[in-house]
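Visitor: Structure provided below as C-alpha cells; questions to follow.
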Amino acid sequence: MARKKIIAGNWKMNMTPSQAVELINTLKPLVVNDDVDVLFCVPAIDIIPAMEAAKGTNINIGAENMYFEDKGAYTGEISAEMLVDAGVKYVIIGHSERREYFAETDETVNKKVLKALENGITPIICCGETLTQREQGVTIDFIRQQIKIAYLNVTAEAAATTVIAYEPIWAIGTGKVATTEQAQEVCKAIRDCIAEIYDDATAAAIRIQYGGSVSASSAPELFAQPDIDGGLVGGASLKVDFGKIVCYNK
Ligand code: 13P
C-alpha cells in the first residue's frame, strides 16, 4: 500500500495565541490536499485556540514536545494526558533544537516515544547529523544510532504507526537545503535500519519526512523521492508559502 504523504509545519517558538488563529484562518483555504495529511505543530499555549480555529478543516494540530512522566512535580512540562485531552494526535520528539538547547538525549527521546505511543499519540521522531559528522562521513552511522535507541522496546506494530523526520542540522534555518540525492540516501538508510530492527512490512509502512529549509521550490522534487514521505517545515510553515508546499503535487 502506498504511504500517504504527511506534511507538517513546526512553528517552533513563534506565534502568540491570537497570531496562531490568524495564521490558521489565512492558511486553511490554501492547504487543502486530499493526498496529504496536513499537520501544524504549534507551541503548547497555542494548541487549544489552534484546535478551535482548525475545526472542520483538514488541518491537524500537533505539539512540539511533551514529557515522559505521567504527572507530578515537573514544573513547566506538558504530559501526554494533557495533549490527549486537548485532542492532540501528533507530537514532535527529539528535535535537534531540543537536543541542543534542552539537553535531550537519545535515551530521553526513547522514553518520550514510548510514552506518546502508550497514550495513542503519534510521535514524529527527529534525527539528523551535524555538518562535522557529514564532513567526516559518519552521517549514516550516527543516524542509525539515533534510530536504534529511539525505538528501544517499541513493538513492530507500534513502530509502523510512527513518523520519522530526517533533519540534517546544517540545513535547518540556513536556507541550505540538502540535495535531493542526500535527502533520499539518508531516508532510505533510515528505512533499511527499520527493516533491520523489525521487518520489511514495518519499514514499508513507516513514514519518513525530510526537514531543513524546505521551500515551495524544493518541495516537489524532494517529496517525489521513493523514501521521502513528506516534510517537516520550519520557517516556510509560517507563511502563505506553506500552501504551495502542501499542494506540491497540484
Ligand atoms: P526550517 O524549515 O526553518 O529550516 O526548519 C526545519 C525544521 O527544523 C523543522 O522542524
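Visitor: Consider Ala86 against the criteria (1) within 25 Å of Val38 (Cα to Cα); (2) surrounded by 16 or more Cβ atoms within 10 Å (Cβ to Cβ): it satisfies all of them except one. Which criterion is unmet?
Guide: Ala86 satisfies all of (1) within 25 Å of Val38 (Cα to Cα); (2) surrounded by 16 or more Cβ atoms within 10 Å (Cβ to Cβ) except (2).
Visitor: When you check Ile194 against the structure, is it among the β-branched types (Val, Ile, Thr), part of a helix (DSSP H, G or I) and at pLDDT 95 or above, yes or no?
Guide: Details: among the β-branched types (Val, Ile, Thr): yes; part of a helix (DSSP H, G or I): yes; at pLDDT 95 or above: yes.
So Ile194 passes the test.
Visitor: So in the stretch 108-126, with the set limited to residues that are within 19 Å of Asp37 (Cβ to Cβ) and within 16 Å of the ligand (Cβ to nearest atom), which one is surrounded by the fewest Cβ atoms within 10 Å (Cβ to Cβ)?
Guide: Residue satisfying both the conditions and the ranking: Thr122.
Visitor: Restricting the stretch 152-170 to residues that are without any contact (Cβ under 8 Å) to a residue 60 or more places away in the chain and more than 25 Å from Val36 (Cβ to Cβ), which is surrounded by the most Cβ atoms within 10 Å (Cβ to Cβ)?
Guide: In this case the residue turns out to be Val154.
Visitor: Tally time: how many residues in the stretch 135-175 are over 19 Å from Val91 (Cα atoms), within 16 Å of the ligand (Cβ to nearest atom), at pLDDT 95 or above and of a type outside the set (A, V, I, L, M)?
Guide: 2
Visitor: Out of Pro49, Pro43, report the one residue that is crowded, with 16+ Cβ neighbours inside 10 Å, within 16 Å of the ligand (Cβ to nearest atom), more than 24 Å from Ile143 (Cα to Cα) and not hydroxyl-bearing (Ser, Thr, Tyr). I'd like the intermediate steps shown before the answer.
Guide: Values: Pro49 fails: within 16 Å of the ligand (Cβ to nearest atom).
The unique qualifying residue is Pro43.
Visitor: Can you pull out every residue in the stretch 89-107 that is surrounded by fewer than 18 Cβ atoms within 10 Å (Cβ to Cβ) and assigned to a helix (DSSP H, G or I)?
Guide: Answer for the stretch 89-107, where residues must be surrounded by fewer than 18 Cβ atoms within 10 Å (Cβ to Cβ) and assigned to a helix (DSSP H, G or I): Glu100, Tyr101, Asp106, Glu107.
Visitor: For Gly128, state whether it is touching a residue at least 60 places away in the same chain (Cβ under 8 Å) and touching a helix residue (DSSP H, G or I) at 6+ places or on another chain (Cβ under 9 Å).
Guide: yes
Visitor: Restricting the stretch 114-126 to residues that are in contact with a strand residue (DSSP E or B) (Cβ under 6 Å, 6 or more places away or on another chain) and not in a helix (DSSP H, G or I), which is nearest to Val177 (Cα to Cα)?
Guide: Residue satisfying both the conditions and the ranking: Cys126.
Visitor: Of the residues that make up the stretch 58-78, is at least one in a helix (DSSP H, G or I) and more than 16 Å from the ligand (Cβ to nearest atom)?
Guide: no
Visitor: For the stretch 230-238, check the following and say yes or no: at least one residue is more than 14 Å from the ligand (Cβ to nearest atom) and either assigned to a helix (DSSP H, G or I) or in contact (Cβ under 8 Å) with a residue 12 or more places away in the chain (or both).
Guide: Filtering the stretch 230-238 for residues more than 14 Å from the ligand (Cβ to nearest atom) gives none.
No, every residue in the stretch 230-238 fails to be more than 14 Å from the ligand (Cβ to nearest atom) and either assigned to a helix (DSSP H, G or I) or in contact (Cβ under 8 Å) with a residue 12 or more places away in the chain (or both).
Residue-by-condition table, conditions (1) more than 28 Å from Val138 (Cβ to Cβ); (2) charged (D, E, K, R); (3) surrounded by fewer than 17 Cβ atoms within 10 Å (Cβ to Cβ); (4) modelled with pLDDT of 95 or more:
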site: Asp200; (1), (2), (3), (4): no, yes, yes, yes
site: Ala204; (1), (2), (3), (4): no, no, yes, yes
site: Ile208; (1), (2), (3), (4): no, no, no, yes
site: Leu222; (1), (2), (3), (4): no, no, no, yes
site: Val233; (1), (2), (3), (4): no, no, no, yes
site: Ile245; (1), (2), (3), (4): yes, no, no, yes
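Visitor: Test Glu181 against the stated conditions and say whether it is more than 15 Å from the ligand (Cβ to nearest atom), in contact with a Ser or Thr (Cβ under 9 Å, 6 or more places away or on another chain) and either more than 30 Å from Gln19 (Cβ to Cβ) or among the hydroxyl-bearing types (Ser, Thr, Tyr) (or both). Give the steps one after another, and end with the answer.
Guide: Details: more than 15 Å from the ligand (Cβ to nearest atom): yes; in contact with a Ser or Thr (Cβ under 9 Å, 6 or more places away or on another chain): no; either more than 30 Å from Gln19 (Cβ to Cβ) or among the hydroxyl-bearing types (Ser, Thr, Tyr) (or both): yes.
Here the answer is no, as Glu181 does not meet what is asked.
Visitor: State whether the residues of the stretch 151-168 include one that is assigned to a helix (DSSP H, G or I) and among the β-branched types (Val, Ile, Thr).
Guide: No, the conditions are met nowhere in the stretch 151-168.
The values are calculated or read from the model by the stated rules, or taken from the named source; none is laboratory data. These figures come from a predicted structure and were not determined experimentally. Counting neighbours? That spans all protein chains shown, and the Cβs are built from the backbone with ideal geometry, glycine included.
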